[in-house]
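Asker: Once you've had a glance at the structure underneath, I'll fire off some questions.
The values are calculated or read from the model by the stated rules, or taken from the named source; none is laboratory data. A quick note: this is a predicted structure, and the numbers were derived from the prediction, not measured. Cβ coordinates were reconstructed from backbone atoms using ideal geometry, including for glycine residues, and neighbour counts include every protein chain displayed.
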Amino acid sequence: MSSASDPGIVIIGAGEAGTRAALTLRERHYTGSVTLIGAETHLPYERPPLSKAAQTALDHPSPALIGGADRLADLGITYRTGVMVTGIDRAAQTVSVQDGLSLPYAQLLLATGAKPRTLALPGATADNVLYLRTFVDALALRNRLAHGIRLVVIGGGFIGLEVAASALERGCAVTVVEMAPRILGRAVPAEIAARVAAHHRAAGITIIEGIGLTAIAARPQGSTVVLADGTVLEADAIIAGIGAIPETALAEAAGLTIENGIRVDGRLATDDPAIFAAGDCCSFPHPVFGGRRLRLEAWRNAQDQGRHAAGSMLGDRAAFATVPWFWSDQHGDTLQIAGLPDEGDQTVTRDLGGMPFLFHLKGGRLVGASAFGPIGKVAKDIRLAEMLIDAKCHPDPAALADPAVKLKALLPTRATAA
Amino acid sequence: MAQWINACGADDIDEEDVIRFDHAGQSFAVYRLEDDTFCATGGFCTHENVHLADGLVMGRIIECPKHNGRFDIPTGKAKGAPACIDLKTFPVKIEDGRVFIDLG
Ligand SMILES: Cc1cc2nc3c(=O)[nH]c(=O)nc-3n(C[C@H](O)[C@H](O)[C@H](O)COP(=O)(O)OP(=O)(O)OC[C@H]3O[C@@H](n4cnc5c(N)ncnc54)[C@H](O)[C@@H]3O)c2cc1C
Ligand code: FES
């Protein structure tokens, strides 16, 4: 499809954002060449199952593919798998890859994602200290989760807690150690975090909050984990889920601005108008939240930004304005968050039969919603809250608090139509 | 051959909403659209195994509660990532205020 005069579009990183961008270019009838380059050796796959079904499935798991080989080939997307991009020459508009080749681009998308933060402790390099980002990591973890082993999870974030739940299901004895005063950090309201913690404890997981780690000592069999208060935990395996670092090395070496990830504008363009970035690797200004610069590590954001960056490369001028949405599965229940709860200055609770559904308002405007419980009680209203946030609504707090008021009725178009 | 099954009362479903109906080991999602037409599709999202009756109906679209995959209700066509496999659809008729689904 490409002509010699048009070097086309090159996408670095075949994860959620990069792959969605490639698919979108074809959905939008772009006829130039599209080259998708990924360091991993699999076809593009979804990461969320890695901490969930890939750990608990009875059968040996295979990656959940975003696009199969046939689909990519049919669409004329050149997929280079297991290939690392090693440099970008902005003046020449080429990228160099590890096999020595140099590829020209007219436009370039950086969709390099993030990598796990690693423990900087002596003893943390033992081979039973694991991280989880890739399918290969997921298999390594899965192979360790034998019935009855003792697993220590360092970090009470989403991934750590999902692994804890999965490991419990596999029959492991699980302890989660969180250095901060509570699990799940600032992005999740304290009330929701407390419910998640209670749920895990009731299921049989030990959660230690507010105590850091001082040492990990490798033993002939397993490791010993020492906490700041002197507690000693014996572990057959350790998994650290202590956050992710945006993968910015290429962008940095190419002289692009880094600001908590690769800095992009509303269209997801970097300082170089021929280079865009999307997904976990970038920070962008969000117009729904007064231009607040965000970097999200969320699956739908990566997907939506991949799509948006594709549009920008085709000439769209619009700013990315999708309201953040996130989910996490914990022991069969779901945690869902729309918007940014931490923007709020007021919380309104709707009591759904003992399950709190929280609305977060700022100066009366809805800026976030969060809930943890059965999917049937959570999902629909979170989705409607997302639309209310997007419409910059100032809903009546009394209506939000009243379970009898349907959120659909509060949507602006509907409210005026009714 | 048509095999009409009495699924529910028409009034059991709110306007622009969906309910779950199980029959003989199969599960369905039964919809009532804004214009008062009724539709039926397979109950589970084609992405992962989640029931669509917990999802949101907006116009002709059902959105999966788990990852917001979207389907066109009358045709079952997958309309939005991550859903890429269509839903099965079933003929529906209303008689005496009851919703019947043809499993034939
Ligand atoms: C275990 C796990 C569970 C998750 N669960 C959820 C969840 O429940 N809900 C949710 O909303 N989000 C979840 N996420 C987050 C979600 O998966 C990410 O936000 C999403 O994958 C980000 O997509 P991305 O394309 O930006 O980056 P990635 O998916 O990380 O893709 C980046 C790709 O770029 C490649 N790459 C990097 N540098 C180079 C280079 N120089 N050359 C070639 N290739 C390169 C990497 O190898 C990688 O394959 C989870 C993540 C993990 C790890
Ligand atoms: S389970 Fe329906 S979109 Fe994923």
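Asker: I'd like the full set of residues that are within 26 Å of residue A:372 (Cβ to Cβ) and more than 9 Å from every other protein chain (Cβ to nearest Cβ), limited to region B:62-75.
Answerer: So the first thing to find is which residues in region B:62-75 are within 26 Å of residue A:372 (Cβ to Cβ), and the list is B:62-70.
Matches in region B:62-75: B:62, B:69, B:70.
Asker: If a residue counts only when it is within 29 Å of the chain's Cα centre (by Cα) and at pLDDT 95 or above, which helices (runs of 4 or more DSSP H) contained entirely in region A:333-418 have at least 3 such residues?
Answerer: Working: elements: A:375-390, A:397-401, A:412-417.
Answer list for region A:333-418: A:375-390.
Asker: Confirm whether residue A:87 is touching a residue at least 40 places away in the same chain (Cβ under 8 Å), touching a Leu at 6+ places or on another chain (Cβ under 8 Å) and within 16 Å of ligand 2 (Cβ to nearest atom).
Answerer: On the way: touching a residue at least 40 places away in the same chain (Cβ under 8 Å): yes; touching a Leu at 6+ places or on another chain (Cβ under 8 Å): yes; within 16 Å of ligand 2 (Cβ to nearest atom): no.
Spelling it out, it is not the case that residue A:87 is touching a residue at least 40 places away in the same chain (Cβ under 8 Å), touching a Leu at 6+ places or on another chain (Cβ under 8 Å) and within 16 Å of ligand 2 (Cβ to nearest atom).
Asker: Continuing with the same structure: If we keep just the residues of region A:66-94 that are surrounded by 15 or more Cβ atoms within 10 Å (Cβ to Cβ) and more than 24 Å from residue A:248 (Cβ to Cβ), which is farthest from the other protein chains (Cβ to nearest Cβ)?
Answerer: Out of the qualifying residues, it is A:78.
Asker: Could you tell me whether residue A:340 is within 13 Å of chain B (Cβ to nearest Cβ) and touching a helix residue (DSSP H, G or I) at 6+ places or on another chain (Cβ under 9 Å)? Break it down into steps so the answer makes sense when it comes.
Answerer: Details: within 13 Å of chain B (Cβ to nearest Cβ): no; touching a helix residue (DSSP H, G or I) at 6+ places or on another chain (Cβ under 9 Å): yes.
Spelling it out, it is not the case that residue A:340 is within 13 Å of chain B (Cβ to nearest Cβ) and touching a helix residue (DSSP H, G or I) at 6+ places or on another chain (Cβ under 9 Å).
Asker: Given the conditions (1) away from chain B (no Cβ under 14 Å); (2) more than 9 Å from ligand 1 (Cβ to nearest atom), report the number of the one that residue A:14 does not fulfil.
Answerer: Of everything listed in (1) away from chain B (no Cβ under 14 Å); (2) more than 9 Å from ligand 1 (Cβ to nearest atom), residue A:14 misses just condition (2).
Asker: Another question, if that's okay. Kindly indicate whether any position in region A:61-81 is in contact (Cβ under 8 Å) with a residue 60 or more places away in the chain and within 16 Å of ligand 2 (Cβ to nearest atom). I'd like the intermediate steps shown before the answer.
Answerer: The initial filter retains those residues of region A:61-81 that are in contact (Cβ under 8 Å) with a residue 60 or more places away in the chain, namely A:61, A:63, A:76, A:79, A:81.
This time we only want the ones that are within 16 Å of ligand 2 (Cβ to nearest atom), so: A:63.
Yes: one or more hits.
Asker: Next up: Listed residues A:342, A:316, A:351; which is more than 16 Å from ligand 1 (Cβ to nearest atom), acidic (Asp, Glu) and under 19 Å from residue A:260 (Cα atoms)? Before the answer, list the steps.
Answerer: Working: A:316 fails: under 19 Å from residue A:260 (Cα atoms); A:351 fails: under 19 Å from residue A:260 (Cα atoms).
Only one candidate passes the filter, namely A:342.
Asker: Looking only at residues that are within 14 Å of chain B (Cβ to nearest Cβ) and farther than 20 Å from residue A:336 by Cβ in region A:280-311, which one is surrounded by the fewest Cβ atoms within 10 Å (Cβ to Cβ)? Before you say what the answer is, go through the steps one by one.
Answerer: Of all residues in region A:280-311, those within 14 Å of chain B (Cβ to nearest Cβ) come to A:298-308, A:310.
Retained after the next criterion (residues that are farther than 20 Å from residue A:336 by Cβ): A:306-308, A:310.
Details: A:306: 29, A:307: 22, A:308: 26, A:310: 29.
Among those that are within 14 Å of chain B (Cβ to nearest Cβ) and farther than 20 Å from residue A:336 by Cβ, it is A:307.
Every residue, every condition in (1) under 13 Å from the mean Cα position of the chain (by Cα); (2) within 16 Å of ligand 1 (Cβ to nearest atom); (3) surrounded by fewer than 21 Cβ atoms within 10 Å (Cβ to Cβ), yes or no:
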{"residue": "B:41", "(1), (2), (3)": "yes, no, no"}
{"residue": "B:47", "(1), (2), (3)": "no, yes, yes"}
{"residue": "B:72", "(1), (2), (3)": "yes, no, yes"}
{"residue": "B:86", "(1), (2), (3)": "yes, no, yes"}
{"residue": "B:99", "(1), (2), (3)": "yes, no, no"}
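Asker: For region B:80-102, how many residues meet the condition of being in a strand (DSSP E or B) and at pLDDT 95 or above?
Answerer: Kept after step one, since they are in a strand (DSSP E or B), are these residues of region B:80-102: B:80, B:89-90, B:92-95, B:98-102.
From what is left, the residues that are at pLDDT 95 or above are B:89-90, B:92-95, B:98-102.
Summing the residues that are in a strand (DSSP E or B) and at pLDDT 95 or above in region B:80-102 gives 11.
Asker: Do you know which residues across region B:28-54 are within 14 Å of ligand 2 (Cβ to nearest atom), part of a strand (DSSP E or B) and either more than 14 Å from chain A (Cβ to nearest Cβ) or not aromatic (Phe, Trp, Tyr) (or both)?
Answerer: First, the residues of region B:28-54 that are within 14 Å of ligand 2 (Cβ to nearest atom): B:29, B:41-54.
Then keep just the ones that are part of a strand (DSSP E or B); that gives B:29, B:41-42, B:44, B:51.
Matches in region B:28-54: B:29, B:41, B:42, B:51.
Asker: Still on this structure, I have one more. Considering only region B:11-27, state which residues are more than 12 Å from residue B:51 (Cβ to Cβ) and more than 11 Å from chain A (Cβ to nearest Cβ). Outline the logic, then answer.
Answerer: In the first step, residues of region B:11-27 are kept if they are more than 12 Å from residue B:51 (Cβ to Cβ); the result is B:11-17, B:23-26.
Correct list: B:11, B:12, B:13, B:23, B:24, B:25, B:26.
Asker: Also, quick follow-up: Which ones in region A:76-122 are acidic (Asp, Glu) and either assigned to a loop (DSSP other than H, G, I, E, B) or modelled with pLDDT under 95 (or both)?
Answerer: First pass over region A:76-122, keeping only residues acidic (Asp, Glu): A:89, A:99.
Across region A:76-122, the qualifying residue is only A:99.
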